[in-house]
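In what follows, a single structure is set out as structure tokens and then discussed.
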Amino acid sequence: MSEIAVRITNLSKKFSRTVALDNVSLNIPARTLYGMLGPNGAGKTTLFGVAAGFLKATAGEIEVQGINVKNISALRGRMSMLPQDASFQSGIPVIDQLTLFARLNGFDAPAAAKAAADALELVGLPDVAKKNARALSHGMLKRVALCQAFIGHAEVIFLDEPTAGLDPDNARRIRELVKAYKKDRTIIFSSHNLQEVQQICDHVCILHKGRVMECGTMDHLTSSSFLLRVTLDRPLASAAEGELSAHPLVAGIVREDDLSFQLKLNLENPGQKTDAMKMLYEVLGRHGLFPRSVNEGASLEARFLEITGGKFDGGSSS
Amino acid sequence: MNSHIGLIALYSMRFAMRTGGGIIFIMVLLTVGFSIASLFISPVESLLTKSGVSSAETVAETYRMISTSDTIKGAVAWITGADQAQSTYLITEKPALLSAILLFLLMFIPYTTCLGAFNQTAGDIGNRGFRYLLLRTERRNIFFGRFLGAVSFTVISSIFTMAVVALYLQFKVGIYPGLAIWLWSSQGLLAILALSLPYAALCAWFSAALDSAFGSLAICLLVTGFTVLLITLFQSVGTVSLNMKPGDLNWLQRLTPWGWKYELLSGKIETRSLAYLAMAGFTGLFLWLGLRTFEKRDL
């Protein structure tokens, strides 16, 4: 197997005058759980649509496992996808449609029926097999859509916002399923939930206005933008601020109000997080300051907003 | 045949049956077919029951005399645009009653085909119902699978209609020999199917170009109907304003499958073959245009 699972070269897509993808080039390493991030309209779904052959690229190419996606037959069964806005036929039982997909994947009739039933079992919905797609709730439909992506043994799976619109329990189940499936596959996962992406993905790419803004490992992306949000018992003395600013692990300090400030860190690796925390407590202690709370910034979110021009306004408690 | 095309055709037929669209189409085709048949069979049956004629042979002779009259021959020649020899072939050499039914059926087939084939792809393009298939098979397999599914409905309905009409003529009316009825019915069935193919292909093209099933239906019916109307109008205007003889602009009719339809029933093998070739040509052209559209567009 090639070490690059998905190779995107100079890909552009225009919808009349709107540029959805602008000369995107990207290599997705094999056997990674790759997060695809971007605000609404960034081009994530368009990118997935071109990869799946729903949309025709204006320019450029996508190769999956070394095969151009224009030749979808050669990829049959090796690539699958959970599209964001595809629909099932409303008059045919779910199991029949999944069986058709399995047959198109190359299974014979009995094996296809079994693969379809197994896929429904996998997402915990064996009871809906005979039901019409119209009779299913949004959450159930999402899980059925997800299970069609897991029919067979695809090497590359694209999941376009698999947890969008789901209740927390269903979203958790899907995240667990994706993590369980990660083993020997390449999964490309798009989501607006940055914490979710940070939690399960090992690589990430940020798209903005149809362009690739930054790509790399999760550690690489988050360590360069790690931050702490600190609230003190009294105002930060300028001497303490100077000492913190001068420290090599600190990229900058942003005061939020008299008692609160953000400490932006520049870490070479996530292991330095502890060093930074230790340094913060030591400096504050030397100046007689006591932190009432220290919140660890959702560093991916901070980096994402920095790139896309948004504003970070929170973090998780450490 | 590519197995994916067969699978997609089979599932599209199942889908059409389960959602009711297929059943409605079959009912429409059967209603049209039986209504036309009834239009011609009922007077003969009245003759049998009311005129006091005692035997079918006598009725057959009476009917033969009526149908071979100059008026009827003239009417057939006018409808088909054929010469006297072809009119004679249709009403004397072949069972005239069946010929009349076939001539009228051929007039309606383009429209009934549109009713059955308008939504080959448009609805699913609109609601993104092809996306799970596109991950697994080529676009051309979807396009041809859906076309095959639509044509299969026409084939099944047409076979059923012609079989019922032939059985009725043989056993209930009984004025023609059974063999003559079945041979002519088979040839008529082939003509019906040959004529329905280019119109199903035309629908495949429009359906691939549009995102709405209703829009596709409207365009298919409008193009099918208005083309005939426009060409006829152009012929009339041309004949009057350009001082041309009636028939000089008949070649315009040959630009559509409509203009070839009655030649599918011609007594001359070369004329008939040419008509079948024309139908194949139109089908190929429309399918090529449809496939090109379907291959290039976003789905």
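Evaluate the following for residue A:107: is it assigned to a loop (DSSP other than H, G, I, E, B) and either modelled with pLDDT of 90 or more or closer than 30 Å to residue A:208 by Cβ (or both)?
Criteria met by residue A:107.
Anything in the range A:89-98 that is open to solvent by 20 Å² or more (accessible area, probe 1.4 Å) and more than 9 Å from chain B (Cβ to nearest Cβ)? List them, or say none.
Result: A:95, single match.
Which residue pairs have Cβ atoms closer than 7 Å, lie 6 or more positions apart in sequence or on different chains, and pair a first residue in the range B:117-131 that is on the phi > 0 side of the Ramachandran plot with a second residue that is open to solvent by 10 Å² or more (accessible area, probe 1.4 Å) and of a type in the set (Asp, Glu)?
Qualifying pairs under 7 Å: B:128/A:85.
Between a first residue in the range A:96-108 that is β-branched (Val, Ile, Thr) and a second residue that is in a helix (DSSP H, G or I) and crowded, with 24+ Cβ neighbours inside 10 Å, which pairs have beta carbons less than 9 Å apart while being 6 or more apart in sequence or on different chains?
Close Cβ pairs satisfying both conditions: A:99/A:116.
So which residues in the range B:88-119 are of a type in the set (A, V, I, L, M, F, W, C), in contact with a Ser or Thr (Cβ under 6 Å, 6 or more places away or on another chain) and over 30 Å from residue B:175 (Cβ atoms), if there are any at all?
Within the range B:88-119, B:114, B:118 meet the criteria.
Taking the condition of being touching a helix residue (DSSP H, G or I) at 6+ places or on another chain (Cβ under 6 Å) and open to solvent by 80 Å² or more (accessible area, probe 1.4 Å), how many residues in the range A:118-130 meet it?
Final tally of qualifying residues: 0.
Only one of these is touching a His at 6+ places or on another chain (Cβ under 6 Å), more than 12 Å from chain B (Cβ to nearest Cβ) and in contact (Cβ under 8 Å) with a residue 12 or more places away in the chain: A:42, A:119, A:59, A:115. Name it.
After applying the criteria, what remains is A:42.
Are any of the residues in the range A:158-165 free of Cβ contacts under 8 Å to residues at least 60 places away in the same chain, assigned to a helix (DSSP H, G or I) and either in contact with an Asp or Glu (Cβ under 8 Å, 6 or more places away or on another chain) or open to solvent by 20 Å² or more (accessible area, probe 1.4 Å) (or both)?
No, because not a single residue in the range A:158-165 is free of Cβ contacts under 8 Å to residues at least 60 places away in the same chain, assigned to a helix (DSSP H, G or I) and either in contact with an Asp or Glu (Cβ under 8 Å, 6 or more places away or on another chain) or open to solvent by 20 Å² or more (accessible area, probe 1.4 Å) (or both).
Tally time: how many residues in the range A:166-182 are touching a residue at least 60 places away in the same chain (Cβ under 8 Å) and either at positive phi or buried (at least 17 other Cβ atoms within 10 Å of the Cβ) (or both)?
2
Could you check the range A:257-274 and list, in sequence order, the residues that are open to solvent by 70 Å² or more (accessible area, probe 1.4 Å) and free of Cβ contacts under 8 Å to residues at least 12 places away in the same chain?
Within the range A:257-274, A:257, A:274 qualify.
Being within 13 Å of chain A (Cβ to nearest Cβ) and open to solvent by 10 Å² or more (accessible area, probe 1.4 Å) is the filter here, so list the residues in the range B:142-160 that pass it.
B:146
Please count how many residues of the range B:255-299 are within 14 Å of another protein chain (Cβ to nearest Cβ) and in a helix (DSSP H, G or I).
Result for the range B:255-299: 5.
Search the range A:275-317 for residues being among the aromatic types (Phe, Trp, Tyr) and at pLDDT 90 or above, and hand back the single one that is most open to solvent (accessible area, probe 1.4 Å).
Ranking the candidates gives A:290 first.
For the range A:70-88, which residues satisfy the criterion of being at the interface with another protein chain (Cβ under 7 Å from one of its Cβ atoms) and assigned to a helix (DSSP H, G or I)?
A:72, A:73, listed by residue number.
For residue A:74, are the conditions met, namely being open to solvent by 10 Å² or more (accessible area, probe 1.4 Å) and either assigned by TED's automatic domain parsing to the domain that holds residue A:164 or touching a strand residue (DSSP E or B) at 6+ places or on another chain (Cβ under 9 Å) (or both)?
Criteria met by residue A:74.
Quick one: count up the residues across the range A:50-71 that are open to solvent by less than 10 Å² (accessible area, probe 1.4 Å) and farther than 14 Å from residue A:6 by Cβ.
1
Any residue at all in the range B:283-296 that is open to solvent by less than 40 Å² (accessible area, probe 1.4 Å) and farther than 20 Å from residue B:207 by Cα?
The answer is no, given that none of the residues of the range B:283-296 is open to solvent by less than 40 Å² (accessible area, probe 1.4 Å) and farther than 20 Å from residue B:207 by Cα.
The values are calculated or read from the model by the stated rules, or taken from the named source; none is laboratory data. Fair warning: this is a prediction, and the values are worked out from it, not measured in the lab. Note: ideal-geometry Cβ built from the backbone for every residue, glycine included; neighbour counts use all protein chains shown. Ligands, DNA and RNA are stripped out before the accessible areas are found, and what is left, the full protein with its side chains, is counted by its heavy atoms. Shrake-Rupley method; radii C 1.70, N 1.55, O 1.52, S 1.80 Å.
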